[in-house]
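Chemist: Attaching a single structure in structure tokens format; questions to follow.
Coordinate-derived values only; no laboratory data. Here the structure is a predicted model, which is why all the values come from computation and not from measurement. Cβ: placed from backbone, ideal geometry, glycine included. Neighbour counts: every protein chain shown.
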Amino acid sequence: MNPFVLDKPAILERLGGDEGIFAMMVDMFLTELDNNRQALLTALAGDSAALQREAHTIKGLLATFSDGFGAELAQTLEYQAKNGQVDDARGRVDMLLARVDEVAEVLRGLSAG
């Protein structure tokens, strides 16, 4: 798996240099982390439409922080769920959650640093 590297300057450029919005996005990601993780796990045990929706949500969250690799993982899961291909979804969900945790760790480091 490719390690996540935060490209804060690129993100700030997309935000018009607004550090306040960036800080708010980081806070929202970290605040909602447990809810998003649980929603994805619950969807895994439910139907493919719920799994598709939750994968889509996480794809957007990761794309917000320019994580192309993580967004691609989520997009693959979203596509497979949309097409009812969920036999190996547990492994994909585990990979996606590991990536979400990795991004969260980097974002937490911004507060500590």
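Chemist: Any chance the stretch 83-93 includes a residue that's under 23 Å from residue 6 (Cβ atoms), in contact with a helix residue (DSSP H, G or I) (Cβ under 9 Å, 6 or more places away or on another chain) and among the small types (Gly, Ala, Ser)?
Modeler: No, the conditions are met nowhere in the stretch 83-93.
Chemist: What number of residues within the stretch 91-113 satisfy the criterion of being over 17 Å from residue 36 (Cβ atoms) and touching a Leu at 6+ places or on another chain (Cβ under 9 Å)?
Modeler: 3
Chemist: Continuing with this model, one more query. Can you say whether residue 98 is surrounded by fewer than 15 Cβ atoms within 10 Å (Cβ to Cβ), touching a residue at least 12 places away in the same chain (Cβ under 8 Å) and in a helix (DSSP H, G or I), as far as the supplied structure shows?
Modeler: Yes.
Chemist: For residue 19, which of the numbered conditions (1) touching a residue at least 40 places away in the same chain (Cβ under 8 Å); (2) over 27 Å from residue 87 (Cα atoms); (3) surrounded by fewer than 12 Cβ atoms within 10 Å (Cβ to Cβ) fails to hold?
Modeler: (1)
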